[in-house]
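The values are calculated or read from the model by the stated rules, or taken from the named source; none is laboratory data. Keep in mind that this is a model prediction, so the values were computed, not measured. Virtual Cβ from ideal backbone geometry, glycine too; neighbours counted across all protein chains shown. With ligands, DNA and RNA removed, areas are computed over all heavy atoms of the protein, side chains included. Shrake-Rupley method; radii C 1.70, N 1.55, O 1.52, S 1.80 Å.
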Amino acid sequence: MAGRQVPSEEEEALSMSEDVNWDEVRSLAARVEAGEALVLTPDVRELLLRTAREVAIPEADAQAAIQDVTTATALLREERGRIRSSSMRMMTARSEVRRLRQTGDTEGARKVMEDLLAVEVVPLYRELAEIALEDMD
């Protein structure tokens, strides 16, 4: 493919972050937590399946979960939990990396991102951590 540029890893991660929109799942989870019953419409099932893929929940587990309101509600809570905890881990890590880099501790900053990668399962946040590590080189 002459003339086509291959996107950098950072561009790919930024593209992925633009494709990932968790507002719907956050909103649905908030409504369910407020007492609204989950209704398994085709759109809700698709949202739960798409989000499961985005937060590294196995397809078979997600497919099984959306067959029943109780298990679908548990899936929704798991998805929301993964989004929330991954986001918090990333924010904490970035803050710590910034602090360490300001003091000149590049190795300490690198270790923070390596430790994050050791526990992170959400692909978007894994990619962002990998990019942050590469930027330290």
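Quick check, is I66 without any contact (Cβ under 8 Å) to a residue 60 or more places away in the chain, closer than 17 Å to E24 by Cβ, among the aliphatic types (A, V, I, L, M) and touching a Lys or Arg at 6+ places or on another chain (Cβ under 8 Å)?
Considered against the rule, which asks whether it is without any contact (Cβ under 8 Å) to a residue 60 or more places away in the chain, closer than 17 Å to E24 by Cβ, among the aliphatic types (A, V, I, L, M) and touching a Lys or Arg at 6+ places or on another chain (Cβ under 8 Å), I66 comes out as yes.
From the list V55, V119, which residue is open to solvent by less than 70 Å² (accessible area, probe 1.4 Å) and either of a type outside the set (G, A, S) or modelled with pLDDT of 95 or more (or both)?
From the options V55, V119, the qualifying one is V55.
Do we find that G35 is at positive phi and open to solvent by less than 70 Å² (accessible area, probe 1.4 Å) in this structure?
Answer is yes for this residue.
Given the options R99, R45, R84, name the one that is more than 17 Å from R26 (Cβ to Cβ) and either without any contact (Cβ under 8 Å) to a residue 12 or more places away in the chain or open to solvent by less than 30 Å² (accessible area, probe 1.4 Å) (or both).
R99
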